[in-house]
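Written below as structure tokens is the structure these notes are about.
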Amino acid sequence: MTWSEMQPLLEQACWDTLYMVGWSTLIAVVGGLPLGVLLVLTDRGGLLQNLAANKVIGQVVNIARSLPFIILMVALMGFTRSITGTTIGVEAAIVPLAVGAIPFFARLVETAVREVDHGLVEAVQSMGGNTWTIVRKVLVPESLPSLISSTTTTIVALIGYSAMAGTVGAGGLGDIAIRYGYQRFETQLMWITVAILAVVISVIQFAGDYAARSLHRRGAHSGPAPKLRLLKAAS
């Protein structure tokens, strides 16, 4: 296969992969962020302590995370068809990708939020701040560098999931690697696909790490006193 034949295939596959991963990441963040914060708030000693709810939510998250992605795709075929009208193609792949990424991201969010200095939470409580104020002004902003890193990890994982989704006709770079590289013995095309995936992941990881480090340095320079003054002004 010549480069002129490979180029349009690779261009379309790259766009399909970015489309799947982009929408899946957005849904994962929208669904996983509140879920992860809720796991912290309802835990023992949390602002909304409810151990029964915490155990139920945690167990659901654990079960969803334990399923291999290829099995999750098959298990969700009926649900996927009810939403998209089909079980193959780029749009259909977004459903299992997002469902699989939400609990994954939620646990990362939980870990990030737990790292926030509890002294800041107590300070806002002493100023009369309610739970929503604490979440909006303390927990999420203070854990933002870790949340950026968590989002980067989720995107990288989703790129790998999208490649697996290509084995069942979802499109994208994984589909190209399987249909042409493996089934038609186009080894050159397969290795080009691998190289593209490696470059994309490296760029995303670099950008995520740079953003997280920048936010962390900015927070370290500001110190706790300016933060508390801003919180007091906002409360």
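Key figures
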quantity	calculated
Charge dipole of segment 1-152 about the Cα centre (unit charges at C-beta), most positive-ward option of L51, T87, P145	L51
Carbon + sulfur, % of accessible area of segment 156-201 - ligands and nucleic acids excluded, 1.4 Å	70
Residues of segment 62-140: accessible area per residue with a 1.4 Å probe, Å²	50
Cα gyration tensor shape of segment 79-158, rounded if a/c is under 1.5, else prolate or oblate by comparing a/b with b/c	prolate
Accessible area in square angstrom per residue, segment 161-213, 1.4 angstrom probe	55
Calculated over the chain: convex hull of Cα atoms, volume per residue (Å³)	132
0 to 90° range, to nearest 10: angle between helix 51-66 axis and the chain longest Cα axis	20
Solvent-accessible heavy-atom area per residue, rounded to whole Å², over segment 1-42 at 1.4 Å	51
Of all accessible heavy-atom area on segment 1-126, the percent that carbon and sulfur account for (1.4 Å)	64
Structure-based [θ]222 nm, the chain - -39500 (n - 2.57) summed over DSSP H runs of at least 4, per residue, nearest 500	-25500 deg cm²/dmol
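The values are calculated or read from the model by the stated rules, or taken from the named source; none is laboratory data. Quantities reported herein were computed from a predicted structural model and do not represent experimental measurements. Heads up, the Cβs are rebuilt from the backbone with ideal geometry, glycines too, and the neighbour counts pull from every protein chain shown. The protein model used for the area step is the full one, side chains on, heavy atoms only, and it has no ligands, DNA or RNA in it. Shrake-Rupley method; radii C 1.70, N 1.55, O 1.52, S 1.80 Å.
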